[in-house]
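Presented below is the structure to which this report refers.
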Amino acid sequence: MQKRTKALAWLCTKAIFLALFVMPSCGHAASDTNSPPPIPKPGPLAQPRSLQQVGLPLDQTRATIPPDNPQTPEKIALGQKLFFDGRLSADGTVACATCHDPARAFTDGRPVSIGIHGRPGQRNSPTVLNALYNKTQFWDGRVKTFEEQAELPIINPVEMGQTNMDAAVASIQAIKEYRDDFEKVFGRPPNGPDIQRAIASYERTLFSFNSPFDRFIAGDANAIDDSAKRGWKLFNTQARCNKCHALSDNQPNLINFTDNDFHNIGIGIIRHHVVPLARQAEKLVNSGNSAAIDRAAILTDFSVLGRFLVTKKQPDIASFKTQNLRNLLLTAPYFHDGSQETLWDTMDHYNKGDGVQNPFLDQDIQPLALSEDDINDLVAFLASLTSDDYKEPAAKELARQRAIAKTNRPQRDTARAFGPKPVQPPPGP
C-alpha cells in the first residue's frame with residue numbers, strides 16, 4: 001500500500017510538472033476545440049474616465065502615474081486600441097477585453113476566464129476598474145505594476161497563447177497602422193516594453209466612483225436609502241467586513257474598500273488537499289519568476305495555493321487578495337474561483353464563519369449571527385457602491401440575484417451562523 005501511495009504521489013507530481021513546463025508547447029488537447037467568447041467592442045464604457053467624479057481621490061490618482069511612463073492622450077489611445085485587439089494573441093481570437101469587458105465593469109461574468117482555443121483558466125477575472133490604486137496585481141499579488149501585469153496574460157498558454165513577447169511584437173510589427181502609432185507615441189518601432197507601457201497607460205484612466213454612497217459620504221443624506229445605511233453600520237460592526245475591507249476606526253479608506261492584503265477566507269479548502277500541494281509547489285514553482293507563478297496559477301491545481309506561490313510562507317496558503325467592492329453587482333460571480341453566484345451566497349459564506357476544516361483560516365473569520373434582514377441590508381449597502389455609469393445594468397442584476405436568493409441558498413447554514421466559533425485544526429507538519 002505504501003509503495004502504491006508513493007507511486008500515485010510521483011504520478012501527480014509528474015503531471016503537474018508537465019502542465020507547468022511541457023504541455024503548453026504541445027498540440028492542443030481535445031478540450032481545446034472550443035472557441036473563446038467574442039471580443040467586446042470599445043463602446044462608451046471603454047472610454048477613459050473623467051477626473052470629475054464625486055469620491056475620486058485626485059492626489060492619489062495622480063500619484064499612480066510612474067515617472068518613467070507619463071500619460072499622454074496618444075499613448076492612452078494606443079493602449080486602448082491594443083486592449084481590444086485580438087491580434088495580440090497567438091491566433092487573433094483573444095484580447096485583454098475578452099476577460100475584461102467594459103459592459104461588465106471590466107470583468108467577464110464567468111466563474112473562470114476562457115482563453116485561446118476555449119481553454120479555461122483557474123481564476124475569476126478581477127475588475128480593471130480602480131486597479132490603478134492596487135499595491136499589487138492579480139489575485140495572488142505576483143506583480144506590482146500595470147506594466148508587469150500587461151505582459152503575463154499575453155504569454156500565458158491558457159490566456160492569449162503567445163510563446164513570448166517577441167512573438168506578440170512580431171504580430172503588431174506586421175501592421176502598418178501600429179508601426180505608425182508606435183513611431184508617433186514612442187519614436188521607435190513596436191517592442192514589448194512599449195506595448196506594456198501603452199496598455200498600462202490606458203488602464204490608469206479606468207477609475208470609477210460617482211456612486212450613491214460617494215454622494216452620501218459627501219453630505220447628501222438622501223443619496224442612499226435606510227436599508228443601505230443600516231448595511232453600512234453592519235459593515236463596520238457585527239458583520240466585521242471592515243476587518244479586511246480597509247476601514248480602520250480612525251482613518252477609513254473608501255477608495256476601493258480593500259486593505260490590499262491577502263487572507264484565507266475558507267474558499268475551496270475542503271475540495272483541495274492544500275498541504276501536499278504546497279509541498280510540491282515549493283519544489284516545482286520558482287517564486288522568483290513571475291511567469292512561472294503565472295503558469296502555476298492559471299494552468300494547474302497549484303492555483304488554490306494563492307499567495308503561497310509568491311511567498312512560500314505557510315500562513316499564506318490559500319490566501320488571496322482582498323478585492324475592490326465597487327460595482328460588485330457587475331462583477332459576479334464572486335471570489336477567486338467564481339464559486340459564489342450571488343451577493344447573498346457571499347454573505348451566507350461569511351455568516352457561517354466558513355472554514356471548519358481549514359487550519360489556515362484568517363483569524364477574523366467567525367460566525368456572524370446575521371439575520372436575513374441584516375444580510376438584505378448589507379446587500380443594499382454593497383449595491384450603493386455602484387457607479388452611475390452602471391446604474392441600469394446593476395439594477396437588473398440585483399433583481400436577478402434577489403430572485404435566485406429567494407429559492408436557492410446553497411451556502412446558508414443558520415446553525416453555524418448563530419453558533420460558536422469552531423476550533424481550527426493545527427496546520428500539521
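Assorted remarks:
- Cβ separations smaller than 8 Å between residues 6+ apart or across chains give the following pairs from the range 66-90 residues that are more than 19 Å from Ala168 (Cβ to Cβ) to residues that are part of a loop (DSSP other than H, G, I, E, B): Pro66/Thr145; Gln71/Ile65; Gln71/Arg204; Gln71/Thr205; Ile76/Pro48; Ile76/Thr205.
- Out of Asp194, Asp181, sole residue that is within 30 Å of Pro153 (Cβ to Cβ), without any contact (Cβ under 8 Å) to a residue 60 or more places away in the chain and in contact with a helix residue (DSSP H, G or I) (Cβ under 7 Å, 6 or more places away or on another chain): Asp194
- Flag for Asp374 being surrounded by 22 or more Cβ atoms within 10 Å (Cβ to Cβ) and outside any loop (DSSP other than H, G, I, E, B): no
- All conditions in (1) modelled with pLDDT of 95 or more; (2) on the phi < 0 side of the Ramachandran plot hold for Gly55, with the sole exception of (2).
- Test for Asp108: is it among the charged types (D, E, K, R) and surrounded by 20 or more Cβ atoms within 10 Å (Cβ to Cβ): yes
- Looking across the range 113-136, just one residue is touching a strand residue (DSSP E or B) at 6+ places or on another chain (Cβ under 6 Å) and over 18 Å from Ile155 (Cα atoms), and that is Thr127.
- Residues in the range 284-331 that are under 30 Å from Gly55 (Cα atoms) and surrounded by fewer than 22 Cβ atoms within 10 Å (Cβ to Cβ): 3 in all.
- Just so you know, in the range 115-148 the residues that are over 14 Å from the mean Cα position of the chain (by Cα) and not in a loop (DSSP other than H, G, I, E, B) include one that is nearest to Ala95 (Cα to Cα), and it is Ile116.
The values are calculated or read from the model by the stated rules, or taken from the named source; none is laboratory data. Being a predicted model, the structure only gives us computed values, none of them experimental. Please note: Cβ atoms are built from the backbone with ideal geometry, for glycine as well, and neighbour counts cover all protein chains shown.
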